[in-house]
1. Over what distance in Å are the Cα centres of region 47-103 and region 288-320 separated?
2. If every alpha-carbon in region 210-317 counts as one equal scatterer, what log10 I(q)/I(0) does Debye give at q = 0.10, 0.16, 0.21 1/Å?
3. Which value in nm describes the separation of the simple spin-label points at Ser271 and Ile336, placed 7 Å from the Cα toward the beta carbon?
4. Let me check I've understood the local charge: for Ile38, count other residues with C-beta under 9 angstrom from its C-beta, Lys and Arg +1, Asp and Glu -1. What total comes out?
5. With a 10 Å radius around each residue's Cβ, average the other Cβ atoms per peptide and rank 221-234, 325-338, 75-88, highest first.
6. Just list whichever of Lys310/Lys335; Lys79/Lys122; Lys45/Lys310; Lys122/Lys273; Lys15/Lys50 have alpha carbons separated by over 24 Å in the model shown.
7. Given axes a ≥ b ≥ c from the Cα gyration tensor, I'd like to know whether region 39-97 is rounded (a/c under 1.5), prolate (a/b larger than b/c) or oblate.
8. So, in nm, how far is label Asn239 from label Ser43 when the simple model puts each one 7 Å beyond its Cα toward the Cβ?
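What follows draws every value from the coordinates through simple rules; no lab data is involved. Quick caveat: nothing in here was measured; it's all calculated off a predicted structure. So basically every Cβ, Gly included, is an ideal-geometry build from the backbone, and we count neighbours across all protein chains shown.
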Amino acid sequence: MPKHLNPNRNNQLRKELSTQTYVEGILNGDRGILARAITLVESRKPQNRKQAEEIIERCLPHSGNSFRLGITGVPGVGKSSFIETFGIQLINSGHHIAVLAIDPSSEKSRGSILGDKTRMEKLAANENAFIRPSPASDALGGVARKTRESIILCEAAGYDYIIVETVGVGQSEIAVHSMVDFFLLLLLPGAGDELQGIKRGIVEMADMIAINKADGDKLNAAKKAKIEYKNALHLYPPNEKGWDVPVNLCSALHSKGITEIIEVLDHYLRSMKENLQFDQLREKQNQYWLIESLNESLQFDFFNHPEIVKRLKKYKADVSLGSMSPFKAAEELIKIFKN
């Protein structure tokens with residue numbers, strides 16, 4: 001069971017830790033060690049990367065025993081409030097919650113995800129919860145890989161409910177969808193214009209739509225939106241899992257509708273396991289991340305190849321001036337890399 005972070009261990013945490021210490025700490029549910037291990041995973045230093053890979057490999061046999069939930073939604077939908085209310089209710093039911101945020105936009109904006117963490121004060125202070133924002137200044141692929149590896153470490157630390165949050169509706173949803181068992185789309189009351197602003201592919205990926213802030217003077221609008229969303233879903237192809245996508249109302253502020261959402265998730269998990277689709281889903285996740293890992297490793301090796309580093313600047317200039325086509329430049333660089 002994850003342990004509360006002990007402030008007396010600060011001096012130890014400042015020191016470099018051995019792989020064995022990391023693994024033992026993670027398996028014992030030490031949140032401080034887990035946080036440091038994820039920091040190691042996020043590091044770009046080659047020596048840190050090697051140790052991180054060793055830790056992940058040793059934790060891998062202890063992972064996989066969780067329900068992985070992806071949550072996304074338009075800005076202002078109340079993801080932080082929802083996750084806090086939802087997470088506390090899960091903890092009260094005996095679960096241990098890890099919240100991982102994936103934020104590819106932070107490279108430009110530096111993101112607001114740390115603000116999200118401070119807004120989840122109750123959940124962050126609970127010893128059965130672990131909240132980790134994504135690193136800034138990284139491309140989507142890198143953040144996604146780190147999130148995938150963080151899931152493994154959190155599972156090994158004893159967290160049985162992993163929530164992967166995205167900062168908005170956009171490109172990152174594809175990456176999140178590929179690493180979770182269930183994809184929850186949070187929306188606001190008032191379908192109309194908002195439905196037009198959501199990419200079709202994101203709605204197609206959703207395993208459930210929850211209309212948040214369904215309270216007070218917005219309740220009637222939320223009920224109307226529920227009907228409109230349900231009608232809209234009939235225009236989409238059937239869910240590839242054979243799952244009938246539900247549309248629920250909820251209010252994170254007033255803790256209404258959260259129990260019903262948890263019941264849907266429990267029913268989904270039971271159904272997936274009974275028809276043996278759950279294992280198939282996990283196999284697809286692993287295969288997808290094998291290819292993604294290969295792509296990322298090859299890209300990293302390519303752009304860090306000494307001769308490529310030397311030639312790339314010149315070839316960029318040649319392409320800009322029109323003295324060499326982009327295709328010819330790419331072909332020449334690949335030849336250099338192969339040799």
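1. 31 Å
2. -0.58, -0.87, -1.15
3. It is 5.4 nm.
4. Summing Lys and Arg as +1 and Asp and Glu as -1 gives +1.
5. On the way: 221-234: 15.9, 325-338: 12.4, 75-88: 20.9.
Highest to lowest by the protection proxy: 75-88, 221-234, 325-338.
6. On the way: Lys310/Lys335 14 Å; Lys79/Lys122 15 Å; Lys45/Lys310 21 Å; Lys122/Lys273 32 Å; Lys15/Lys50 18 Å.
In this structure, Lys122/Lys273 exceed 24 Å between Cα atoms.
7. Numbers: a/c = 3.31, a/b = 1.69, b/c = 1.96.
Since a/c reaches 1.5 but b/c is at least a/b, the shape of region 39-97 is classed as oblate.
8. Distance between label points: 4.2 nm.
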